[in-house]
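Asker: Dropping a structure here in structure tokens format, bear with me for questions.
The values are calculated or read from the model by the stated rules, or taken from the named source; none is laboratory data. On a predicted model such as this, the values are computed, not experimentally measured, just so you know. For neighbour counting, all protein chains shown are included, and Cβ atoms are generated from backbone atoms with ideal geometry for every residue, glycine included. Ligands, DNA and RNA are excluded from the accessible area calculation, which covers all protein heavy atoms including side chains. Shrake-Rupley method; radii C 1.70, N 1.55, O 1.52, S 1.80 Å.
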Amino acid sequence: MNVKIEPSWKQQLQGEFEKPYFAELTEKVRQEYQRGTCYPPGPLIFNAFNLCPFDQVKVVIIGQDPYHEPGQAHGLSFSVQEGVMYPPSLQNIFKEIEGDLGVPIPQSGDLTRWARQGVLLLNATLTVRAHQANSHAMLGWREFTDAAILALARQREHIVYMLWGGYARGKAWMIDKQRNLVLESVHPSPLSANRGGWFGQHQFSRCNQYLQENGITPVQW
């Protein structure tokens, strides 16, 4: 299949594109977009990969599925498009960065600036039906995104994996903690964060310290 995706990722994931499940997934997604509004816009489905080539990944942040309201999703986990109000989880991420690193809360919730620095903002499910969270969770995306995580885990090292919430933490088994840094916490959503275990974890400074210790340029959060 001729999937339009960044070349280094296309090379890594070519085997997935040739499997029967991916052909079925592609057809299901096409039908969903034809039936009604889905997010993100079609050209941005693989945005996380396109902005962050395989060999440049230094941090992985795993989300569950895209935001499902107008103007929000653009293919990067936790990120929203320019000018869109921050969802509560993103607000808490920015608050924690401010408390950890002293970086003021930014004017934009568009995290493209992180992706261009090597932060893979990967949702486990890459598409969603408008107004219906997790509506595409069973289409087959998770097999594909797990393959992407496994490719990184097997071939790269000194990557920081930020696993927030039970779903993301369920991916920890794929990652060799001797060769990478795995930072686990509760999800930044208010329901979880306000119970404790999100604020004050200093994940962002710990991430940058690990990167620097391994000769990698830290992220400008």
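Asker: Taking the solvent-accessible surface of protein heavy atoms with a 1.4 Å probe, what is the per residue accessible area of the chain in Å²?
Answerer: So the chain comes to 46 Å² accessible per residue, rounded to a whole number.
Asker: Gain in length, ARG206 to ALA137, computed as 0.36 nm per residue apart minus the alpha-carbon separation, to one decimal in nm?
Answerer: Result for the pair: 21.7 nm of gain on full extension.
Asker: By how many nm would the segment from ARG179 to ARG116 lengthen if fully extended, with 0.36 nm per residue of separation less the alpha-carbon distance?
Answerer: Value of the extension gain: 20.4 nm.
Asker: Right, another one. Express as a percent, rounded to the nearest 5, the fraction of DSSP beta bridges in the chain (both residues included) that run antiparallel. Don't jump to the answer; show the numbers that get you there.
Answerer: Values: 3 of 16 bridges.
In the chain, DSSP labels about 20 percent of beta bridges as antiparallel.
Asker: Can you give me the long-range amide H partners of LEU111? Hydrogens built in the peptide plane at 1.01 Å from N, cutoff under 5 Å, separation of 5 or more residues or another chain.
Answerer: Under 5 Å from the amide H of LEU111 lie the amide H atoms of VAL80, each far enough along the sequence or on another chain.
Asker: Collect residues whose amide H, placed 1.01 Å from N in the peptide plane, falls under 5 Å from the amide H of ILE159; neighbours closer than 5 in sequence don't count.
Answerer: The list, which skips near neighbours in sequence, is LEU181.
Asker: Charges on Cβ only, +1 for Lys and Arg, -1 for Asp and Glu, centred on the Cα centroid of the chain; of PRO104, LEU150, PHE78, which one is farthest towards the dipole's positive end?
Answerer: Result: LEU150, furthest along the dipole toward the positive end.
Asker: Run the accessible area of region 110-179 with a 1.4 Å probe and give the carbon-and-sulfur part as a rounded percent.
Answerer: Percent of accessible area from carbon and sulfur atoms in region 110-179: 47.
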